[in-house]
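Report on one structure; see the data block that follows.
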Amino acid sequence: MKRNDHALVIGGTGMLAGVCIHLAREDYSVSVIGRTLSKFKRLIVESPPNSIFPLTTDYDTDDVYVEINKAIRERGPFDLIISWTPNYSMLERICEMNPGKSPFRLVHVKGSGRYFQDEPIRIPSLCSYRKVFLGFVKEESGSRWLTLDEIANGVIKQIETNEEVRIIGQIHPYKARPR
């Protein structure tokens, strides 16, 4: 990572908040898509000054593309995109909007069900596509879903290792997942 790489985090005010804070501390300029400005407070307070840039918009509307274009104009093309969204067509469009001639990575965070039934995604040749599947944790008394810290730490580990596929927790046996 070089100083001031530009990252886009889609869904970064919830379970990916720890990832946003980590990236900011690693000298990224972090553009974060979220719906509610008040949820950005933690990110801004826990990150170095001028490292978190809120894009307050609903990512299921066309307003998201206006905000993304603004972020690219102000901070340059994305070096890293991290997304927790099932909207594949939106991700494809964002990747196509990313200008420049430099390679970039898309880390797509997905629920465990997508591990068994996933859809293909079209990405530009400059994009390195990586998947992170969120599983569960088996315990003596049954199973539980991952905590926010476990999710954030797993995604951070994927960013650092650049693995093609990472499973956080476990996915098998699928019938053992919490209900």
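Please enumerate the residues belonging to region 34-71 that are of a type outside the set (Asp, Glu) and in contact with a Leu (Cβ under 9 Å, 6 or more places away or on another chain). Talk me through it step by step, then tell me what you get.
Residues of region 34-71 that are of a type outside the set (Asp, Glu), as a first pass: 34-45, 47-57, 59, 61, 64-66, 68-71.
Across region 34-71, the qualifying residues are Gly34, Ser47, Ser51, Ile52, Pro54, Leu55, Thr56, Val64, Ile68, Lys70, Ala71.
Considering region 74-100, and only residues there that are closer than 14 Å to Leu8 by Cβ and aromatic (Phe, Trp, Tyr), the residue that is modelled with the lowest pLDDT turns out to be Trp84. Listed conditions (1) at pLDDT 95 or above; (2) of a type in the set (A, V, I, L, M, F, W, C); (3) part of a loop (DSSP other than H, G, I, E, B) are all met by Val107, apart from (3). The condition (being closer than 17 Å to Leu8 by Cβ and in contact with a Ser or Thr (Cβ under 9 Å, 6 or more places away or on another chain)) is satisfied by just one residue among Ala176, Ala71: Ala71.
Report yes if Arg130 is surrounded by 14 or more Cβ atoms within 10 Å (Cβ to Cβ), more than 21 Å from Val165 (Cβ to Cβ), of a type in the set (Lys, Arg) and touching a strand residue (DSSP E or B) at 6+ places or on another chain (Cβ under 8 Å), otherwise no.
Numbers: surrounded by 14 or more Cβ atoms within 10 Å (Cβ to Cβ): yes; more than 21 Å from Val165 (Cβ to Cβ): no; of a type in the set (Lys, Arg): yes; touching a strand residue (DSSP E or B) at 6+ places or on another chain (Cβ under 8 Å): yes.
No; evaluated as a whole, the condition is false for this residue.
If the condition is being under 18 Å from Leu23 (Cβ atoms), touching a Lys or Arg at 6+ places or on another chain (Cβ under 9 Å) and not hydrophobic (A, V, I, L, M, F, W, C), then region 142-163 contributes Gly154, Lys157, Gln158, Asn162, Glu163.
The combined condition, being within 27 Å of Gly111 (Cβ to Cβ), touching a residue at least 24 places away in the same chain (Cβ under 8 Å) and not hydroxyl-bearing (Ser, Thr, Tyr), is fulfilled by Ile21.
Within region 56-70, the only residue that satisfies the criterion of being out of contact with any Lys or Arg (no Cβ under 8 Å at 6 or more places or on another chain), farther than 20 Å from Ile123 by Cα and in contact (Cβ under 8 Å) with a residue 24 or more places away in the chain is Glu67.
The values are calculated or read from the model by the stated rules, or taken from the named source; none is laboratory data. What you see is a predicted model; the values in this text were computed from it and never measured. When we count neighbours, we look across all protein chains shown, and the Cβ atoms used for this are built from the backbone with ideal geometry, even at glycine.
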